[in-house]
Structures are given as structure tokens and as C-alpha cells.
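Input: a single structure, listed below in C-alpha cells.
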Amino acid sequence: MTYDNNNIFAKILTGAIPCIKVYEDDQTLAFMDIMPQAEGHTLVIPKEAAVTIHDLSDDAAANLIKKVKLVANAVKKGMNADGITLFQLNGEPAGQTVPHIHFHILPGSYLTAKAHASVSSDAGDLQAIADKIRAAL
Ligand code: 5GP
């Protein structure tokens, strides 16, 4: 699939748009979801330009899942969560809204996640949560 260099996560990767960062290395960035479905909802993206998992190189995919595990461990510990849901949508028909591959890390159950409106998306609150997750890395 053709990669749009102007998608919102591409802009986050270049720093053109800010994010509340949890983890970064040369191949990966993890940050707080701006419209969390649960407290601690975190996104992990590769720096490689790929729309879906089908476009991602094997090397980047292998690295990405390692980093998803690293950050998921920190979300679990930092948020004191009993369970963690991972999900990852490929293509608009599957519900993907941002065309740069990303994993969602969601404390608790996807099935019982609160409506967006009932979880704070206040930047200060997200920053405080990110601090807890970072401390657990
Ligand atoms: P998708 O539906 O593509 O799997 O998920 C995209 C996610 O990106 C959504 O959960 C949405 O809240 C999040 N999102 C969209 N725009 C932004 C943004 O500008 N910053 C951050 N941090 N998250 C975003």
C-alpha cells in the first residue's frame, strides 16, 4: 500500500506534531493514545514507513513485537493492570484510521473498555500516566 508521508504518525515521528512519549529507540516509538479507550492506552509504532503489517519488513516486524512486549510489560506494571489487551488493525475495512502501522496496548479488556468520553484525554493526565509507565520500563 502506498505510504502517505503526511499521515499523523509520520508527523509525530518527524516531531512536526507533538506526542506524549513513553519509549523511543532507533527503530521504535511508543506514546500515549490521544483518545484513550482506557487509562494507560499506549501506541507502539515502528519508524519504518509501512501502512499495515503486510507492508512491514520482517526485520521491522520482529523488532516491533519485541518492543510491544517491552512497553506492554511497563504498562501492566505502571498501571497495576491485571490484564493487558493488544490489538492492531490493518486497512480501513478493519477499522484502521491512521495509515501507519501501530499496536494498541490497552490495560484491561477491549470488550469492556470504557467509551472514549469517560476516559480523560487531558494532556496533564496523560503525561502523569506516561510518567508511571516510563518509570516501570
Ligand atoms: P486505529 O483505529 O488506526 O487502529 O487507531 C488509531 C489511534 O490513533 C486511535 O486510537 C486514535 O485515538 C489515535 N490517534 C489519532 N490521532 C492521534 C494523534 O494525533 N496523537 C495520538 N497520540 N494519537 C492519535
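The values are calculated or read from the model by the stated rules, or taken from the named source; none is laboratory data. This structure is a prediction, so every number in the text was calculated from the model and none was measured. Every residue, glycine as well, gets a Cβ built from its backbone with ideal geometry; the counts of neighbours run over all protein chains shown. Each accessible area value is taken on the protein alone, full model and side chains, heavy atoms only, with ligands, DNA and RNA left out. Shrake-Rupley method; radii C 1.70, N 1.55, O 1.52, S 1.80 Å.
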Across the range 5-23, what is the number of residues that are aliphatic (A, V, I, L, M), more than 10 Å from the ligand (Cβ to nearest atom) and either farther than 16 Å from residue 76 by Cα or surrounded by fewer than 20 Cβ atoms within 10 Å (Cβ to Cβ) (or both)?
-> 3
Which one is nearest to the ligand (Cβ to nearest atom), of the residues in the range 35-76 that are closer than 12 Å to residue 129 by Cα and touching a helix residue (DSSP H, G or I) at 6+ places or on another chain (Cβ under 8 Å)?
-> 36
Any residue at all in the range 91-98 that is within 14 Å of the ligand (Cβ to nearest atom) and either within 22 Å of residue 135 (Cα to Cα) or among the charged types (D, E, K, R) (or both)?
-> yes
Checked pairs for the range 40-54, first within 16 Å of residue 105 (Cα to Cα), second open to solvent by 60 Å² or more (accessible area, probe 1.4 Å) and more than 14 Å from the ligand (Cβ to nearest atom), C-beta under 7 Å and 6 or more apart or across chains, list as 46/27
